[in-house]
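Notes follow the structure.
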Amino acid sequence: MKIVIGCDPNAEKEKQDLIRFIEEQKLGEVTDFGSEDPIYANVAIRVGEAVAAKEFDRGILLCGTGIGVSIAANKVKGAYAALLTDAYSAERARLSNDANVACMGAFTTGSKERELMTKIFLTNEFVEGCSSQPKVDAFVKYDMERK
């Protein structure tokens, strides 16, 4: 699996910790889009565009709360960013919502929780034909038809 990751300067340490975890767990090949830009929207949009273009299978974004990068990434057509707050939200982001970008807070979640959410997000797949399929189809259709 090809994974792209980025963050704002506040989350550099947490991003590096997640990269190490992903590599140690052999969850995929990670490309780091950096953390130098204090405008988190810039890296979030770059990650969203790379995932939407299918250059990467999944994206991971971090900022203080994860909220800002989630909002920014969701502005990209074809990027479906989910703010992960616990293991259950990480699971449902993939299984029920087919999210392709995970967003997490460096200040709001601990390192072990971020690791668990990352593992769950990267190892689960959307269940085609599940009861959530019509809901996902609806937002994807809207997304693809907007200008």
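The values are calculated or read from the model by the stated rules, or taken from the named source; none is laboratory data. Keep in mind the model is a prediction, meaning the values are calculated, not measured. No Cβ is skipped: glycine too gets one built from the backbone with ideal geometry, and neighbour counts run over all protein chains shown.
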Query raised in the report: Looking at Val76, is it closer than 26 Å to Asp8 by Cβ, in contact with a helix residue (DSSP H, G or I) (Cβ under 6 Å, 6 or more places away or on another chain) and buried (at least 18 other Cβ atoms within 10 Å of the Cβ)?
Result: yes
Requested in this report: Tell me, please, whether a residue that is closer than 13 Å to Ile5 by Cβ and either surrounded by 15 or more Cβ atoms within 10 Å (Cβ to Cβ) or more than 12 Å from the chain's Cα centre (by Cα) (or both) can be found in the range 104-113.
Outcome: yes
Query raised in the report: What residue, of Val30, Val47, is modelled with pLDDT of 95 or more, part of a strand (DSSP E or B) and either closer than 14 Å to Val101 by Cβ or not small (Gly, Ala, Ser) (or both)?
Result: Val30
Query raised in the report: Is at least one residue of the range 68-90 on the phi > 0 side of the Ramachandran plot and free of Cβ contacts under 8 Å to residues at least 60 places away in the same chain?
Result: no
**Report entry** Single match in Val136, Val140 (criterion: surrounded by fewer than 20 Cβ atoms within 10 Å (Cβ to Cβ), at pLDDT below 95 and touching an Asp or Glu at 6+ places or on another chain (Cβ under 7 Å))
**Finding:** Val136
Query raised in the report: Pick from the range 11-27 the residues that are touching a helix residue (DSSP H, G or I) at 6+ places or on another chain (Cβ under 7 Å) and assigned to a helix (DSSP H, G or I): which of them is surrounded by the fewest Cβ atoms within 10 Å (Cβ to Cβ)?
Result: Asp17
Query - Where Asp57 falls short, out of the listed (1) out of contact with any Asp or Glu (no Cβ under 8 Å at 6 or more places or on another chain); (2) buried (at least 19 other Cβ atoms within 10 Å of the Cβ); (3) over 17 Å from Glu113 (Cβ atoms) - result: (2)
